[in-house]
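Everything below concerns the one structure shown next.
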Amino acid sequence: MEFNRKASITAVATAVVIFNLTSCKYEDGPSISLRTKTSRLTGEWEVQFIDGQGVTGDGNEFTLEFEKDGGLLYNVTYSYYGYSESYSYKGEWEWIDGKEKIEVIMDGDKMEWEVTRLTNEELEFEDEDRDKWELEKL
């Protein structure tokens, strides 16, 4: 009887682990990850493309920094005709819809970004205008 009880507990624990590992899928994301979505998202990301258009280089840089506590910092630096300008926005973020979307509040505006890929090094999402953002972790 002791053996069956241990086997049952092991089977239930295995099922829970498998369910948790396979439930972190995004449309273009990995099928399994041992890191939580929050730990993968937390950190500084550089925007590489918006709708397939490269946005970095020639003095242009766009970064998003997701803090574990829900803080968000969006930094923009761009250059044109020898002039350079930078500005930053502070905001907040949180997971919504079963961690399929990120709700962002920045500068009084509320936005929802649908995550389509999230790995340790890559983040892709679509904003409310259906623009596809592709970012790499710094």
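The values are calculated or read from the model by the stated rules, or taken from the named source; none is laboratory data. Being a predicted model, the structure only gives us computed values, none of them experimental. A quick note on method: Cβ atoms are made from the backbone with ideal geometry, for glycine too, and the neighbour counts reach across all protein chains shown.
So which residues in region 84-138 are farther than 17 Å from G54 by Cα, part of a strand (DSSP E or B) and of a type in the set (D, E)?
E85, E92, E94, E103, D109, E112, E114
Would a scan of region 47-57 turn up a residue that is in contact with an Asp or Glu (Cβ under 7 Å, 6 or more places away or on another chain), at pLDDT below 95 and more than 20 Å from M111 (Cα to Cα)?
Within region 47-57 (the criterion being in contact with an Asp or Glu (Cβ under 7 Å, 6 or more places away or on another chain), at pLDDT below 95 and more than 20 Å from M111 (Cα to Cα)), the answer is yes, since at least one residue qualifies.
Can you tell me which residue among Y26, Y78 is over 15 Å from K137 (Cα atoms), in a strand (DSSP E or B) and either modelled with pLDDT under 95 or among the aliphatic types (A, V, I, L, M) (or both)?
That would be Y78, the only listed residue that is over 15 Å from K137 (Cα atoms), in a strand (DSSP E or B) and either modelled with pLDDT under 95 or among the aliphatic types (A, V, I, L, M) (or both).
Give me a count of the residues in region 58-75 that are surrounded by fewer than 15 Cβ atoms within 10 Å (Cβ to Cβ) and modelled with pLDDT under 95.
Number of matching residues: 2.
Could you give every pair whose Cβ atoms fall below 7 Å, whose first residue belongs to region 100-126 and is surrounded by 15 or more Cβ atoms within 10 Å (Cβ to Cβ), and whose second residue is among the polar types (S, T, N, Q), counting only separations of at least 6 or pairs across chains?
Sorted first by the residue in region 100-126, then by its partner, the pairs are E124/T116; F125/T116; E126/T116.
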